[in-house]
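Accompanying notes for the structure given below.
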Amino acid sequence: MKSFMKKTNFDEIRKIWEFYEELNEIVYVADMDSHELVYMNRLARTVYGIQSLKEIKGKKCHEVVSDSLTPCALCNDKRLKQGSFVEEVCYRPVVGKRMLVKNTVLEADGRRYRFELAVNIGELGRLEKEYELNEVVMIIDGLRIALAAPTPEKSIEVLMEYIGQYFESERAYIFEEVENGICRNTYEWCAGGVAPQKENLQNVPVEVVSLWYKRFLNGKSVIVSNVESICEKDPDVYEYLKPQNIKSLVVSPLISENKIIGFYGVDNPPEKFLSHITYMLQIMGYFLVSVLRRRNLVKQLEELCFLDQLTGIGNRHAMNDAAAKVMPEKSIGILYCDVMGLKRENDSMGHNAGDALLVRASECLRRGFGEYALFRVGGDEFLVLCEGISQEEMQERVEAMKVDMHRANALMALGSVWRGDGRENMDDLIAEADKQMYADKIEWYAKNRLNDQPYRHGN
């Protein structure tokens, strides 16, 4: 099997080790020069009487694992190479059992570390356990590839492809609970020639997979070796699976803080993999949950950067980003708005009243141009960017909003421009709309004979 393992830094490989905390096999990592332990998973710590990771500092692996004062020969074994495992059966006097162990080398920051995974060979048949141990290589490779991706979104996409291809499946996917009682297919990888299903699976009631959730709550995966066998036992799921040409599947839960947040799995893997896939999916699940959390954090930060917190529409940063992405072949309409009397409202009624005026103005924009891009670009200024709109529709919507803003008691000076394509400089178009808005503002003040003098940005 091709290995993607390479030199990396210590922090990266530590992230990988952490995913082995809940593994039912002993895992530990030791510095090959000093022989000091640098990591032991939960089971290893329990077996060898270690209370916490802090306790392993300064301890030699041969002292803890083999009860020996001198290093074992394995650390100097020339067979140990990064990207491949050396297997052997040995007796561990500390636990009093023969263990099947697999060792490999990890390199980080110029140092070499021995990674060992060990199991009591009496727990499972040798061939079955050997197969599971071979999965360790794949898991490490997959995690390393995913960690190298530039964004959480890309990490997930890469891992879906990796899982799908490794298990020779037709499809790999993630479903997330996005609302109470509703889950959606949020990520999907499909093999060549396989029709995507993601768009058809956006509002799936959780109750459809209620029997799956019962197994998930017990920490178990779901294996369906023959979809036809669940036709009567689980008809709701069957009705979803049959049109997708699914013959078999394996799905595992995604659990965060003891709560099911979704599930992921593969469709139509070869029969030879069915009984082994869950092992890998359970391990990868910890990583996926971590990446999904990181993705959500990134989205929250983006919202803070690109959303106006008062009105909930885009801010100037979002406007600049949208303007830079305007398609030149599409028509473009721009509406520039300035809320009338905001300063007077703030001075006479207080800033809460001023905020309420701005919210009413933004709601007018939503009613008039809700399907287009809306932005608050200044204290009392709004901008609407309409890609693909016709000149007639632009005019009709502007006139309708003039009526609506009187009804909502949210008067605004308006300036609009339209072009048949987006090739003209956007800054120039916005400046023209701004100029027209200011002219409308002057006219309004003159008509109403107010002593307030119209001025830019903040009246």
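A few remarks follow.
- Some residue of the stretch 195-209 being within 20 Å of GLU168 (Cβ to Cβ), crowded, with 16+ Cβ neighbours inside 10 Å and touching a residue at least 40 places away in the same chain (Cβ under 8 Å): yes
- Looking only at the stretch 295-306, residues that are surrounded by 15 or more Cβ atoms within 10 Å (Cβ to Cβ) and either within 29 Å of PHE19 (Cβ to Cβ) or modelled with pLDDT of 85 or more (or both) come to 1 in all.
- Residue that is surrounded by the fewest Cβ atoms within 10 Å (Cβ to Cβ) [pool: residues in the stretch 1-21 that are at pLDDT 70 or above and in contact with a helix residue (DSSP H, G or I) (Cβ under 7 Å, 6 or more places away or on another chain)]: GLU21
- Tally of residues being in contact with a Cys (Cβ under 9 Å, 6 or more places away or on another chain) and more than 16 Å from GLY265 (Cα to Cα) across the stretch 209-237: 0
- Here GLY265 fulfils each of the conditions (1) in a helix (DSSP H, G or I); (2) surrounded by 14 or more Cβ atoms within 10 Å (Cβ to Cβ) apart from (1).
- Here is the figure for the stretch 315-349: residues that are at pLDDT 90 or above and among the small types (Gly, Ala, Ser) total 2.
- Residues in the stretch 344-363 that are under 19 Å from ASP434 (Cβ atoms) and in contact with a helix residue (DSSP H, G or I) (Cβ under 8 Å, 6 or more places away or on another chain): LEU358, ALA361.
- Considering the conditions (1) in the same structural domain as GLU168 (by TED's automatic domain parsing); (2) surrounded by 16 or more Cβ atoms within 10 Å (Cβ to Cβ), PRO270 is excluded by exactly one of them, (2).
- Boolean, SER416 is modelled with pLDDT of 90 or more, surrounded by 14 or more Cβ atoms within 10 Å (Cβ to Cβ) and among the hydroxyl-bearing types (Ser, Thr, Tyr): yes
- Within the stretch 142-169, restricting attention to residues that are touching a helix residue (DSSP H, G or I) at 6+ places or on another chain (Cβ under 8 Å) and among the charged types (D, E, K, R), the residue that is nearest to GLU271 (Cα to Cα) is GLU168.
- Yes/no for TYR48 being modelled with pLDDT of 75 or more, more than 21 Å from TYR279 (Cβ to Cβ) and hydroxyl-bearing (Ser, Thr, Tyr): yes
- Residues that are within 16 Å of ILE246 (Cα to Cα) and either in a loop (DSSP other than H, G, I, E, B) or over 18 Å from the mean Cα position of the chain (by Cα) (or both) within the stretch 177-207 comprise CYS190, ALA191, GLY192, GLY193, VAL194, ALA195, PRO196, GLN197, ASN200, LEU201, listed in sequence order.
- Within the stretch 219-240, restricting attention to residues that are surrounded by fewer than 20 Cβ atoms within 10 Å (Cβ to Cβ) and under 26 Å from the mean Cα position of the chain (by Cα), the residue that is modelled with the lowest pLDDT is GLY219.
- The residues on offer are LEU292, LEU281, LEU254, and the sole one that is in the same structural domain as ASN180 (by TED's automatic domain parsing), in contact (Cβ under 8 Å) with a residue 60 or more places away in the chain and farther than 22 Å from SER210 by Cβ is LEU292.
- Flag: LEU241 does not match the condition of being assigned to a helix (DSSP H, G or I) and in contact with a Ser or Thr (Cβ under 8 Å, 6 or more places away or on another chain).
- Whichever residue in the stretch 54-81 is among the hydrophobic types (A, V, I, L, M, F, W, C) and surrounded by fewer than 16 Cβ atoms within 10 Å (Cβ to Cβ) and, among such residues, is modelled with the highest pLDDT: CYS72
- Test: residue in the stretch 267-274 that is among the acidic types (Asp, Glu) and over 30 Å from TYR336 (Cα atoms): yes
- Of the strands (runs of 3 or more DSSP E) lying entirely inside the stretch 294-400, those containing at least 3 residues that are among the aliphatic types (A, V, I, L, M) span 332-339, 381-387.
The values are calculated or read from the model by the stated rules, or taken from the named source; none is laboratory data. Please read these numbers as outputs of a predicted model, since none were measured by experiment. Methodologically, a virtual Cβ is constructed for each residue, glycine included, from the backbone with ideal geometry; neighbour enumeration extends over all protein chains shown.
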